[in-house]
Amino acid sequence: MTTLTSTSIYDSIVAKKNARAKQFAILVDPDSNDNAGFIAKEAQCANVDLIFIGGSILTNGNIESCIEVVKSETDIPVVLFPGNTLQINDKADGILFLSLISGRNPELLIGKHVIAAPVLKASAMEVIPTGYMLIDGGSPTAVSYMSNSTPIPSDKADIAVCTALAGEMLGLKTIYMDGGSGALSPISESMISKVSEQISVPLIIGGGIRTPEMAANACKAGADLVVVGSAVENQNGSRSLIPEISEAIHSV
Ligand code: 1GP
């Protein structure tokens, strides 16, 4: 399938934000490749805005085959959410070029980016500069361990606001606040609200969002784009969460 119109992924995110339309991204972990086709098919029917692909670590997954499976079922733009430089693959339409601004690990602030830059320059992928902020979600997560960084405490909204502001002032085009995959608690509405009031770039929220209500609440608090991974991946039985969460987000 073809993947993109002439509008860039980022321009589309901004246009929807400006139109006050909330957006839904599903995170597909390549290690759960078995589900990827089914998830992509459901996402297509449910008007999901973006599909993110990536993970903190890959044990048996393959990024390229995961992208191909997803693209065989949908024309929703596929954006890499890379856990490391090994996950860069130019079969995707775009990449969140993540700088871990909540941490103080220089490799994830700028080091890996220097390695990745020429590879991205040579690819056709759209690069979306992203200030990535890890927020404590109530338990240690793979991303906090793998990134060797300390999340921002969940009750320190002032630190989150200042960090997001600094990211925007540095020229990052979006801020992604993440509780980490499978977070016990999603990022609080209070923190989302305070950050969204202070920044003008799109605000992405993810981590621990498991229900349509949680997704809608994040949007009402100020999220422009909500990311759901584990809940969709782990759904079982006949009920699919994808249409329900999509409806909840797009109705806000
Ligand atoms: C993790 O924000 C994403 O980086 C999604 O988190 O898997 O908890 O939905 P969940």
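From 184, 172, 165, which residue is within 21 Å of residue 17 (Cβ to Cβ) and part of a loop (DSSP other than H, G, I, E, B)?
172
All but one of (1) within 16 Å of the ligand (Cβ to nearest atom); (2) surrounded by fewer than 18 Cβ atoms within 10 Å (Cβ to Cβ); (3) part of a helix (DSSP H, G or I) hold for residue 15; which doesn't?
Here residue 15 clears every test but (1).
Determine whether segment 212-232 contains at least one residue that is within 15 Å of the ligand (Cβ to nearest atom), among the polar types (S, T, N, Q), over 22 Å from residue 82 (Cα atoms) and not in a helix (DSSP H, G or I).
Scanning segment 212-232, I find no residue that is within 15 Å of the ligand (Cβ to nearest atom), among the polar types (S, T, N, Q), over 22 Å from residue 82 (Cα atoms) and not in a helix (DSSP H, G or I), so the answer is no.
So, in segment 153-207, exactly how many residues are open to solvent by 40 Å² or more (accessible area, probe 1.4 Å), at pLDDT 95 or above and under 17 Å from residue 81 (Cβ atoms)?
1
Mind listing whichever residues of segment 126-144 are under 30 Å from residue 7 (Cα atoms) and among the small types (Gly, Ala, Ser)?
If the condition is that a residue be under 30 Å from residue 7 (Cα atoms) and among the small types (Gly, Ala, Ser), then 131 is the only one that fits.
Picking from 193, 154, 200, 149, which residue would you name as being among the polar types (S, T, N, Q), away from the ligand (no atom under 13 Å from the Cβ) and part of a helix (DSSP H, G or I)?
193
State whether one or more residues within segment 136-144 are among the small types (Gly, Ala, Ser), open to solvent by 40 Å² or more (accessible area, probe 1.4 Å) and in a helix (DSSP H, G or I).
For segment 136-144, residues among the small types (Gly, Ala, Ser), open to solvent by 40 Å² or more (accessible area, probe 1.4 Å) and in a helix (DSSP H, G or I): present.
The values are calculated or read from the model by the stated rules, or taken from the named source; none is laboratory data. Everything numeric here is computed off the predicted structure, so don't read it as measured data. Because the Cβ atoms are built from the backbone with ideal geometry, glycine has one as well, and the counts that use them run over all protein chains shown. In case anyone asks, the SASA skips ligands and DNA or RNA and just uses the protein heavy atoms, side chains included. Shrake-Rupley method; radii C 1.70, N 1.55, O 1.52, S 1.80 Å.
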